[in-house]
Amino acid sequence: MTKEEILKEVKFDDNGLVCCVIQDYHSKHVRMVAYMNKEALEKTLETKQMTYYSRSRKSLWVKGETSGYFQKMKGLAIDCDGDALLFQVEQTGGISCHTGNVTCFYRDLDEDVEITLNRGKISDSNNEFINLEKTIKDRIDNPKEGSYTNYLITNGDNKILKKVGEEATETILACKDGKHDDIVFEVADLIYHLTVEMQTKGVSWNDIEEELKKR
């Protein structure tokens with residue numbers, strides 16, 4: 001749908017507002033729920049900076065204008081009735097909630113149920129960090145001949161940490177050069193070797209995220 005078609009299909013409530021569910025573009029976790037009036041929606045579509053309507057202040061506000069935690073619009077979908085919008089955003093700084101939490105939905109039901117809410121951890125089955133961890137763990141549990149991962153593990157810390165150092169240096173140089181594709185390539189190499197070392201020490205990316213939440 002075009003922007004014009006979206007605007008035409010939105011059904012604002014009696015207060016001129018529409019409910020907006022804000023989803024992380026990368027992890028797909030819900031970060032927050034907010035409201036927009038027509039002006040806020042138009043401004044968001046125009047600038048790609050998430051702009052909401054504050055029901056308490058009765059005014060527009062750009063997410064991050066005071067905190068620095070901006071949200072860049074990456075996608076938009078409208079529900080079947082037209083009375084709710086689903087935005088995908090790229091979050092600056094990792095924090096969406098005014099409490100300092102990654103997501104506004106950080107309080108889970110404290111009961112044993114079949115399905116529990118996830119607090120925004122990166123442990124999705126489709127998350128590449130988790131898939132990488134699983135692959136490396138499988139190589140540890142089930143060594144494969146010719147596997148580079150097993151080569152590193154067999155040679156121990158000295159080999160793995162040497163590679164981490166080399167990749168860190170190459171990442172720095174790539175950043176200095178400022179070439180996007182080179183930076184992506186070197187960071188990917190660095191993350192891979194870091195993940196190998198982390199797995200040999202029983203450290204997961206969820207552990208890293210939990211630590212980051214405290215900062």
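The values are calculated or read from the model by the stated rules, or taken from the named source; none is laboratory data. Treat the numbers as computed from the prediction; the structure is a model and nothing was measured. Note: ideal-geometry Cβ built from the backbone for every residue, glycine included; neighbour counts use all protein chains shown. Side chains are part of the model used for accessible areas, which takes the heavy atoms of the whole protein and leaves out ligands, DNA and RNA. Shrake-Rupley method; radii C 1.70, N 1.55, O 1.52, S 1.80 Å.
In this structure, is VAL196 open to solvent by less than 70 Å² (accessible area, probe 1.4 Å) and not in a helix (DSSP H, G or I)? Here the answer is no, as VAL196 does not meet what is asked. The residue list VAL30, VAL21, VAL10 contains one member that is more than 22 Å from TYR106 (Cβ to Cβ) and of a type outside the set (Phe, Trp, Tyr), which is VAL10. Scanning region 141-161 for residues that are β-branched (Val, Ile, Thr) and under 11 Å from GLU197 (Cβ atoms) returns ILE153, ILE160. ILE122: in contact with a Phe, Trp or Tyr (Cβ under 7 Å, 6 or more places away or on another chain) and either at pLDDT 90 or above or not in a helix (DSSP H, G or I) (or both), yes or no? For ILE122, the condition - in contact with a Phe, Trp or Tyr (Cβ under 7 Å, 6 or more places away or on another chain) and either at pLDDT 90 or above or not in a helix (DSSP H, G or I) (or both) - is met.
A search for C-beta distances below 8 Å between a residue of region 119-137 that is closer than 19 Å to VAL196 by Cα and of a type in the set (Phe, Trp, Tyr) and any residue that is at pLDDT 75 or above and part of a helix (DSSP H, G or I), counting only pairs 6+ apart in sequence or on different chains, returns PHE129/ILE191; PHE129/THR195; PHE129/TRP205. Of the candidates ILE208, ILE172, ILE183, the single residue that is within 27 Å of TYR151 (Cβ to Cβ), open to solvent by less than 50 Å² (accessible area, probe 1.4 Å), assigned to a helix (DSSP H, G or I) and free of Cβ contacts under 8 Å to residues at least 60 places away in the same chain is ILE183. The residue that is farthest from CYS80 (Cα to Cα), counting only those in region 31-57 that are surrounded by fewer than 16 Cβ atoms within 10 Å (Cβ to Cβ) and of a type in the set (Lys, Arg), is ARG57.
Once region 154-167 is narrowed to residues that are touching a helix residue (DSSP H, G or I) at 6+ places or on another chain (Cβ under 6 Å) and of a type in the set (A, V, I, L, M, F, W, C), the residue that is least open to solvent (accessible area, probe 1.4 Å) is ILE160. When each of LYS11, LYS3, LYS28 is tested for being among the basic types (Lys, Arg), touching a residue at least 40 places away in the same chain (Cβ under 8 Å), loosely packed, with under 15 Cβ neighbours inside 10 Å and in contact with a helix residue (DSSP H, G or I) (Cβ under 6 Å, 6 or more places away or on another chain), the lone residue that passes is LYS3. Looking across region 59-84, the residues that are within 29 Å of GLU211 (Cβ to Cβ), part of a loop (DSSP other than H, G, I, E, B) and open to solvent by less than 50 Å² (accessible area, probe 1.4 Å) come down to LYS63, GLY64, GLY68.
Yes or no, residue by residue, for (1) assigned to a helix (DSSP H, G or I); (2) at pLDDT 85 or above; (3) β-branched (Val, Ile, Thr); (4) out of contact with any Leu (no Cβ under 6 Å at 6 or more places or on another chain):
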residue: LEU86; (1), (2), (3), (4): no, yes, no, yes
residue: VAL89; (1), (2), (3), (4): no, yes, yes, yes
residue: CYS97; (1), (2), (3), (4): no, yes, no, yes
residue: GLY100; (1), (2), (3), (4): no, no, no, yes
residue: LEU109; (1), (2), (3), (4): no, no, no, yes
residue: VAL113; (1), (2), (3), (4): no, no, yes, yes
residue: ASN118; (1), (2), (3), (4): no, no, no, yes
residue: PRO143; (1), (2), (3), (4): no, yes, no, yes
